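In what follows, a single structure is set out as structure tokens and then discussed.
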Amino acid sequence: MPRKRSMVDYGKCRPEHCKDGICLAAQACPNKVMRQEAPYEMPDVHPTMCVGCGACMEACPLGAVRVM
Ligand code: SF4
Ligand code: SF4
């Protein structure tokens, strides 16, 4: 079975709706696998390093992160 990993839905992600443009999902990642280059930028994930824990998905207020 394939390992779970996090995916950002770039159709839903709106960094401008997150306080100060800071991605809460990236902040929540215990492994710093989800990263945001700068405030107001959409985050990206390094899929090979994601452990599929789901912390990012729970943290995103817009439901823009899925773990599957
Ligand atoms: S993934 Fe979620 S928390 Fe992160 S910038 Fe996008 S909307 Fe905000
Ligand atoms: S599922 Fe866990 S390890 Fe993967 S990006 Fe989200 S918080 Fe980080």
Kindly indicate whether any position in the stretch 27-35 is at pLDDT 95 or above, assigned to a helix (DSSP H, G or I) and within 10 Å of ligand 1 (Cβ to nearest atom). yes
So, first residue farther than 12 Å from L62 by Cβ and in contact (Cβ under 8 Å) with a residue 12 or more places away in the chain in the stretch 8-36, second residue of a type in the set (F, W, Y) and part of a loop (DSSP other than H, G, I, E, B), Cβ within less than 9 Å, six or more apart or across chains; the pairs are D20/Y40; G21/Y40; I22/Y40
Which residue out of C50, C29, C60 is in contact with a Lys or Arg (Cβ under 6 Å, 6 or more places away or on another chain) and either at negative phi or hydroxyl-bearing (S, T, Y) (or both)? C50
Among the residues of the stretch 46-57, is there at least one that is surrounded by 15 or more Cβ atoms within 10 Å (Cβ to Cβ), in contact with a helix residue (DSSP H, G or I) (Cβ under 6 Å, 6 or more places away or on another chain) and either assigned to a loop (DSSP other than H, G, I, E, B) or in contact (Cβ under 8 Å) with a residue 60 or more places away in the chain (or both)? no
Quick one: is M42 touching a Pro at 6+ places or on another chain (Cβ under 9 Å), surrounded by 14 or more Cβ atoms within 10 Å (Cβ to Cβ) and in a strand (DSSP E or B)? no
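The values are calculated or read from the model by the stated rules, or taken from the named source; none is laboratory data. Predicted model only: the values in this text are computed from it and were never measured. Cβ atoms come from the backbone with ideal geometry, glycine included; neighbour counts cover every protein chain shown.
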